[in-house]
1. Could we say that residue A:222 is at the interface with another protein chain (Cβ under 7 Å from one of its Cβ atoms) and crowded, with 24+ Cβ neighbours inside 10 Å here?
2. If a residue has to be at the interface with chain A (Cβ under 7 Å from one of its Cβ atoms) and more than 17 Å from residue A:244 (Cα to Cα) to count, how many in the stretch B:239-259 make the cut?
3. Restricting to the stretch B:194-211, name every residue that is assigned to a helix (DSSP H, G or I) and more than 7 Å from every other protein chain (Cβ to nearest Cβ).
4. Mind listing whichever residues of the stretch B:147-165 are more than 23 Å from residue B:29 (Cα to Cα) and either within 14 Å of another protein chain (Cβ to nearest Cβ) or assigned to a loop (DSSP other than H, G, I, E, B) (or both)?
5. Based on what the data block shows, is residue A:120 within 14 Å of chain B (Cβ to nearest Cβ), surrounded by fewer than 19 Cβ atoms within 10 Å (Cβ to Cβ) and touching a helix residue (DSSP H, G or I) at 6+ places or on another chain (Cβ under 8 Å)?
6. Do we have residue B:238 as modelled with pLDDT of 95 or more, touching a helix residue (DSSP H, G or I) at 6+ places or on another chain (Cβ under 6 Å) and over 30 Å from residue B:132 (Cα atoms) here?
7. Would the stretch B:168-191 turn up any residue that is in a loop (DSSP other than H, G, I, E, B), more than 8 Å from chain A (Cβ to nearest Cβ) and buried (at least 21 other Cβ atoms within 10 Å of the Cβ)?
8. Looking at the stretch A:241-274, which of the residues that are outside any helix (DSSP H, G or I) and in contact with a helix residue (DSSP H, G or I) (Cβ under 8 Å, 6 or more places away or on another chain) is nearest to residue B:250 (Cα to Cα)?
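The values are calculated or read from the model by the stated rules, or taken from the named source; none is laboratory data. Bear in mind that the values here come from a model prediction, so they are computed numbers and not experimental data. Here the Cβ positions follow ideal geometry from the backbone for every residue, glycine too, while neighbour counts run over all protein chains shown.
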């Protein structure tokens, strides 16, 4: 892996470049982005220089698409018919079925879907950091059994481990089902909670009397709509299923509230929440 | 206000003592608690010495009940018939209708319900701090129009302002309606989310693939059951109403998801969440 190219040098793409360097990668790192971002990313040491997408795919052994989902889909179209043998294209999109289907149709076995479960509130390459992926899951979603045995794939996985990511292999469908519960449902709960309070006539009184719990439960509602538009469009069926499950669970909670027997639910909830807090 | 007594010298009671001292209160501060807690609270400077509840009500001008809700109700029973004129009893319980009804029936106009919207994850007098109430709401729930004009009440409110609390006057019913939405509903959403994930067969996979958003949305699920048992028992009707409203809102979210038009909900949710984050 002598040359890596990163298309979209924001928080995730920039952090990947910084993480490779910090882990001892001494090949070239090319960036595909706007001139302003390329300047910032080069200054930060996340990439060596900016190139066009066409140059990137001509020169790189690994091309990481660290863009919004709809841009990843467009980039895959632009790469179609331009791939050399031995080059691996992978991505960081938050949903996997649609992207992997598109990537395989356009690029064949050169495309490997993936999704690092890392992030923070600040965005852009200015917020990038070499340790962003350490101890965090990096889900990898091949469609064939032996796909990860190919040399470019093996090299990519070695570098993921070197930057401290916890590689988890699963199918695109499993990925989308899991993140619907672990990420997309929590997002919609936070947004729905904040929206319903926003619509109330006694909004000001409720906000005035709010404690820190409400702030933490509505924090996700600040998430960027353009990013979530793509996620909701490409994982709508799994998310709808997760919402339906939660509706049923909330009916159970309402019944247990009425019957004065929520203790077991609190115990189970605390058990799971405690495990999440103890994880890195 | 020459003598203040605090029954229950934990995080809230202890912080009240420290806050009074930091704000220049130079009267006596008595504590009613277990010998171990009295020792810690005295060492921390939150109280001057421990006394029995009977001594406390005999000596104090202000008696703050900073106990769990069911203990506040029991303490009110023990105070019945022992009150001197000019003494104010107030509390910090998280629900107000039941406590105020009980307090007024037993102690008459000497009782004033109240609820500071402050707290943190650590509990006990060891976590107490003088700045806990600064910039935070302290809801006060009289039942008569001119109740707060009495001298002991005016003195109490002056000290609340001196310790930096933001005094909000409302009815016990308004209080319970508001906190059902701002505190009790978020708690049940967090608990329900954590509990449903805990019950799933693919629990480990979902936890393994979780990002930081899930951790923040399940953090409240760690809350202490004994405290919530009291809250759910004394505000069940308002909470059931808030749950019903949220169920309807979640159906709207599901419909907007299906129809691809969640943008407005995200915008309104982000608006409210941003306001909460900007508040102290």
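1. Working: at the interface with another protein chain (Cβ under 7 Å from one of its Cβ atoms): yes; crowded, with 24+ Cβ neighbours inside 10 Å: no.
When the stated conditions are applied, residue A:222 does not pass them.
2. 2
3. Across the stretch B:194-211, the qualifying residues are B:203, B:204.
4. Hits for the stretch B:147-165: nothing passes.
5. It is true that residue A:120 is within 14 Å of chain B (Cβ to nearest Cβ), surrounded by fewer than 19 Cβ atoms within 10 Å (Cβ to Cβ) and touching a helix residue (DSSP H, G or I) at 6+ places or on another chain (Cβ under 8 Å).
6. Numbers: modelled with pLDDT of 95 or more: yes; touching a helix residue (DSSP H, G or I) at 6+ places or on another chain (Cβ under 6 Å): yes; over 30 Å from residue B:132 (Cα atoms): no.
Spelling it out, it is not the case that residue B:238 is modelled with pLDDT of 95 or more, touching a helix residue (DSSP H, G or I) at 6+ places or on another chain (Cβ under 6 Å) and over 30 Å from residue B:132 (Cα atoms).
7. Checked against the condition, which is being in a loop (DSSP other than H, G, I, E, B), more than 8 Å from chain A (Cβ to nearest Cβ) and buried (at least 21 other Cβ atoms within 10 Å of the Cβ), the stretch B:168-191 yields no hits at all.
8. Result: A:262.
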